[in-house]
1. So how tilted is helix 263-272 from the main axis of the chain? Cα-based, degrees 0 to 90, rounded to 10.
2. What does the charge add up to near P246, with Lys and Arg as +1, Asp and Glu as -1, over the other residues with Cβ less than 9 Å from its Cβ?
3. Taking all protein chains as present, what is the carbon and sulfur share of the accessible area of the chain, in % to the nearest whole number, probe 1.4 Å?
4. Using DSSP, restrict attention to beta bridges with both residues in the chain and report what percent are antiparallel, rounded to the nearest 5.
5. If you line up the long axis of helix 226-237 against the longest principal axis of the chain, both from Cα atoms, how many degrees apart are they, to the nearest 10?
6. For the chain, how many pairs of lysine residues have a Cα-Cα distance under 28 Å, where the two are 8 or more positions apart or belong to different chains?
7. Hey, what number do you get for the chain at 222 nm if only DSSP H runs of n ≥ 4 count, each worth -39500 (n - 2.57), divided across all residues, to the nearest 500?
8. The list (1) 61, 52, 40; (2) 69, 48, 38; (3) 54, 43, 40 gives values of Cα extents along the principal axes in Å, and only one came from this structure; which label was calculated from it?
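The values are calculated or read from the model by the stated rules, or taken from the named source; none is laboratory data. If you're wondering where the values come from, they're calculated on a predicted model, not measured in any experiment. With ideal geometry, Cβ positions are generated from the backbone for all residues, glycine too; neighbour counts draw on all protein chains shown. Heads up: the accessible areas ignore ligands, DNA and RNA and are worked out on the full protein's heavy atoms, side chains in. Shrake-Rupley method; radii C 1.70, N 1.55, O 1.52, S 1.80 Å.
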Amino acid sequence: ASLHKLGLDGQPVLLDVPRSQALLKPLQLPYVEDHRELPTMVRYQVEPELPFDVNEAVIDFTVESHAEAADTGEGEGQATMPVLVAAVRQSVVDQYRKIAAAGDFKLCQLGLRPYADTRCLEACLTDDERTQTLALVHVNADEVEINIVTRGVLAFSRSARIKATVPEPSEESQGEAEAPPPAPRRSAADRDALVVEVVRTLQSAAAVLSGVRVEGVYIAGDTADEHLIAEALSNRLKVACNVLEPVGTLKIKRAKTDGRGFITALGLAIGHGRGDRV
């Protein structure tokens, strides 16, 4: 009904799959000139990593072309290609198709939330920041996604479930016809648990990524906690932790929000125009 009211029914739409519903695996594959060989190589490498049968999987991948020159080297015998592989169950894809059919719109593409978030972050960074290793923490009402980006490449990603509560509307807001719903927020204890989870994840990532050190952190999300989490993480990690507000950075006009809760939608739009999208 809302899509029809906006005149958007029947239109092509991008939807995102959260990290908790997808396997996301960065791989270093041997360099090959003919990219038509990659699907077989990717399937062979990722099959042992799947938590479900490969016949139930929908697998896609992208060659991270903006990092390829840095990692390739001169001799093809030693060269590698950074590849980001994504896999979801066929049942997940079918569920999104049912959502599209129920909403009377055309499912143009399924994107992955961590990948879309990374594209939005990349668009907001300065030239100096694009050469750094950064963490992007996307805070949602029921989970947190922690992504590590090195030189524009998504190098590590995981999610953890730490729920927030949605407060009851105040008496003042109940009388307002178009009052926005109150933002979900966490208790101090749950907020501390989230910060600990992020710190542990960054420590685990450092081990996986051979000691790569995170040089800065960005926080995004549409709860009431983002600024408090940024402050707490800054105190724990001793690095700059800022809230990502893409509307101002990207100079988006006529927006009624700072955009920190819409980084996935913006990233889907940005990524859809790229040749290396996944």
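1. Once rounded, one gets 40 degrees.
2. Around P246, the surrounding residues sum to -1.
3. Within the chain, the accessible surface is 50 percent carbon and sulfur.
4. 65
5. That helix lies at roughly 50 degrees to the long axis.
6. 13
7. Mean residue ellipticity, 222 nm, calculated: -10500 deg cm²/dmol.
8. Correct label, based on the coordinates given: (2).
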